[in-house]
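Everything on this sheet refers to the single structure shown next.
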Amino acid sequence: MAIAGQQSTYDIDVVRRIALPGMSLDISDFRFDSTTEMSFIDDHHSFGLCLSETPRNSRSRFAGADMDYTPTGRIAFQPAGTTLLARNDGGQQTILRFRISQKRFDAVSERKLNWGARELVQSINLSALPIRQLLEGLSTELAQPGFASRSYVDGMATLLIVNLLRSVGFDQDNSYDRGGLTPFQMARIDARLDDAARPMPTVCELATLLGLSERHLRRAFRQSSGTTLRDRLQEVSCARASEWLTKTDMPVKMIAARLGFTTQGSFTTAFGRATGETPTAFRLRSRH
């Protein structure tokens, strides 16, 4: 962590520390002289839990975000690459800091995240009980390490990241980055499309499966696959219809229903558009 631009002096003593691949955990004592202004810049994501009284008039804001100075809470989070501006009237403070690398953070979140002003404002004063309990557990572990302590800290990192993203609203569609779907999300779509025992899914069903809006799903699917979701659904539907027409005696009306068409006529039209012939003509040709 780099600290720059301070207008008064202060000292930091690291009391305890443990380092793991991609993360570090420490308890540090801060001593501030009179009125202090600081800017914190870090290439890691950083959780902070105040273990003592906070200095008077502790306030923070993120540089570049549309926000005013906000009272600093007992728990705060600073996304990697952001600049946190902090002020207080001087005093002492003991802080638990948990720093997590961008690579580890991305592996848990499975998506690129856009930290806007709304998320940053919430990060300065986190109130979610699970986050507080996890950080307090880490504080206890650092003071009195137990069995498999390093594995314990590593596991807590995953839980903290998940609870943080839920707390600030990244589980809501309007907080997602405008990027594509994660490999995990694409795999869930493919698994549903491969389930021939069930009717073809609708866009609405797939959006519900991933917890996204239909609009976001369409946009993200195209960015990830290079094709539209509608074209992908038609491709799978046509392939399944061709297989049933070739290998079974299933009536065309039943095939249409199993593929989610409301009428046999609409299925015939769609199949003809994709193959250039009717389902009946395709069946006859494929068997000769």
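What follows draws every value from the coordinates through simple rules; no lab data is involved. Just so we're clear, the structure is a prediction, and the values are computed from it rather than from any experiment. Glycine also receives a Cβ, built like all others from the backbone with ideal geometry; neighbour counts cover every protein chain displayed.
At q = 0.15, 0.16, 0.21, 0.22 Å⁻¹, what base-10 log of I(q)/I(0) does the Debye formula yield for the stretch 107-254 when every alpha carbon is treated as an equal point scatterer in vacuo? Once normalised to I(0) and log-transformed, intensities are -0.88, -0.94, -1.25, -1.31. For residue 112, the aspartates and glutamates whose Cα comes closer than 15 Å to its Cα, not counting residues fewer than 8 places off in the same chain, are 171, 173, 177. Dividing the summed helix terms, -39500 (n - 2.57) for each DSSP H run of n ≥ 4, by the number of residues in the chain produces a 222 nm estimate of -13500 deg cm²/dmol to the nearest 500. Sorted from longest to shortest, the spans of the Cα atoms of the stretch 9-49 along the three principal axes equal 37, 22, 16 Å. At q = 0.20, 0.22, 0.24 Å⁻¹ the log10 of I(q)/I(0) for the stretch 183-286 amounts to -1.01, -1.14, -1.27, computed by Debye summation with a single uniform scatterer per C-alpha, solvent ignored.
Its residue count N sets the reference 2.2 N^0.38 Å, and the alpha-carbon radius of gyration of the stretch 29-92 equals 1.08 times that reference. Rounded to the nearest angstrom and listed largest first, the equivalent-ellipsoid semi-axes of the chain from its Cα gyration tensor are 56, 19, 13. Local charge for residue 133 was computed over the other residues whose Cβ lies under 13 Å away, with Lys and Arg +1 and Asp and Glu -1, and equals 0. Shape descriptor for the stretch 69-173: Rg over Rh equals 0.96 (Cα atoms; Rh from the Kirkwood inverse mean 1/r).
Ranking 201, 248, 164 by how far each Cα lies toward the positive end of the dipole of the stretch 122-249 (charges on Cβ) leaves 201 at the top. What is the angle, in °, between the Cα long axis of helix 229-247 and the longest principal axis of the Cα atoms in the chain? Nearest 10 is fine, range 0 to 90. Long axis of 229-247 versus the principal axis of the chain: about 40 degrees. Each Lys or Arg adds one and each Asp or Glu subtracts one; over the other residues with Cβ under 11 Å from the Cβ of residue 54, this totals +1.
Around the Cα centre of the chain, unit charges on the Cβ atoms of Lys, Arg, Asp and Glu (plus for the first two, minus for the last two) sum to a dipole of about 1360 debye.
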